[in-house]
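What follows is a single structure, written as structure tokens, with notes after it.
The values are calculated or read from the model by the stated rules, or taken from the named source; none is laboratory data. Since this is a predicted model, take the numbers as computed values, not measurements. Cβ placement follows ideal geometry from the backbone for every residue including glycine, while neighbour counts extend to all protein chains displayed.
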Ligand SMILES: C[S@@+](CC[C@H](N)C(=O)[O-])C[C@H]1O[C@@H](n2cnc3c(N)ncnc32)[C@H](O)[C@@H]1O
């Protein structure tokens, strides 16, 4: 997907995003962040923060930087920051494939429902690995292609449609982990049958 069309699609989603997706995404985002064990004073980057569904789950003792390509999604996130008085959160309009941060400037990086949305997930992961400290955590919540051949075939057929509505459905988790050079500590699902995985990794440089 082209960067401009991704931005246009998510600008368009911004006013209905929470109504459409919150009930599906919220429990998984909460579980992933609560499992990260974020320590006082740490700096966490939320890549593709969207409307900020994650923001209330981060501990107030850490500094959270949320970036997103879509100004309209960020506008919704800013409303949440103001309503909830989240003084530890900073929001910036930025492309995840070209992060405007120094090397090693974050302790943890969080990406939820983003790697299937960006034009090049490997460029994004290379940037996340660069800005995350050595030994830091990178946590990815995402839908990946099913290992069941029949479902994977259906996902492949659906991919052109799904790209039109904002994400690809054919990303393989094994290929993603290998090509992004991720050292996986744990992979889990919230329920036995779930469309989304949570991948906990340690950044090894
Ligand atoms: C499906 S939403 C997920 C939002 C949020 N993380 C969540 O879990 O609810 C995908 C988000 O990624 C953002 N995005 C897509 N491509 C991006 C890029 N290249 N750089 C930064 N953000 C991007 C979109 O604007 C959108 O807000």
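Of note:
- Looking only at region 35-50, residues that are within 9 Å of the ligand (Cβ to nearest atom), touching a helix residue (DSSP H, G or I) at 6+ places or on another chain (Cβ under 7 Å) and under 15 Å from residue 90 (Cβ atoms) come to 2 in all.
- When 40, 27 are checked against the criterion of being within 15 Å of the chain's Cα centre (by Cα) and exposed (fewer than 15 other Cβ atoms within 10 Å of the Cβ), a single residue qualifies: 27.
- Given (1) within 16 Å of the ligand (Cβ to nearest atom); (2) in contact (Cβ under 8 Å) with a residue 60 or more places away in the chain; (3) in a loop (DSSP other than H, G, I, E, B), index of the condition residue 204 fails: (1)
- Residue in region 79-95 that is at pLDDT 95 or above, within 17 Å of the chain's Cα centre (by Cα), outside any strand (DSSP E or B) and over 18 Å from residue 143 (Cβ atoms) present: yes
- Looking across region 112-126 at every residue that is outside any helix (DSSP H, G or I) and more than 7 Å from the ligand (Cβ to nearest atom), the one that is farthest from residue 17 (Cα to Cα) is identified as 120.
- Here residue 32 fulfils each of the conditions (1) buried (at least 21 other Cβ atoms within 10 Å of the Cβ); (2) within 9 Å of the ligand (Cβ to nearest atom); (3) part of a helix (DSSP H, G or I) apart from (2).
- So residue 145, is it assigned to a helix (DSSP H, G or I), touching a helix residue (DSSP H, G or I) at 6+ places or on another chain (Cβ under 8 Å) and either more than 17 Å from residue 49 (Cα to Cα) or touching a residue at least 24 places away in the same chain (Cβ under 8 Å) (or both): no
- Positions within region 61-70 being more than 9 Å from the ligand (Cβ to nearest atom) and surrounded by fewer than 24 Cβ atoms within 10 Å (Cβ to Cβ), in sequence order: 61, 62, 63, 65
- Region 116-141, residues that are touching a strand residue (DSSP E or B) at 6+ places or on another chain (Cβ under 7 Å) and modelled with pLDDT under 95: 116
- Of all the numbered requirements in (1) within 19 Å of residue 203 (Cβ to Cβ); (2) touching a helix residue (DSSP H, G or I) at 6+ places or on another chain (Cβ under 7 Å), residue 80 misses one, and that requirement is (1).
- Some residue of region 182-196 being modelled with pLDDT of 90 or more and in a loop (DSSP other than H, G, I, E, B): yes
- Residue 153 over 14 Å from residue 121 (Cβ atoms), assigned to a loop (DSSP other than H, G, I, E, B) and modelled with pLDDT under 90: no
- Applying the set (1) modelled with pLDDT of 95 or more; (2) within 15 Å of the chain's Cα centre (by Cα); (3) assigned to a helix (DSSP H, G or I) to residue 108 leaves exactly one unmet item: (3).
- From 20, 53, 74, residue being in a loop (DSSP other than H, G, I, E, B), at negative phi and within 11 Å of the ligand (Cβ to nearest atom): 53
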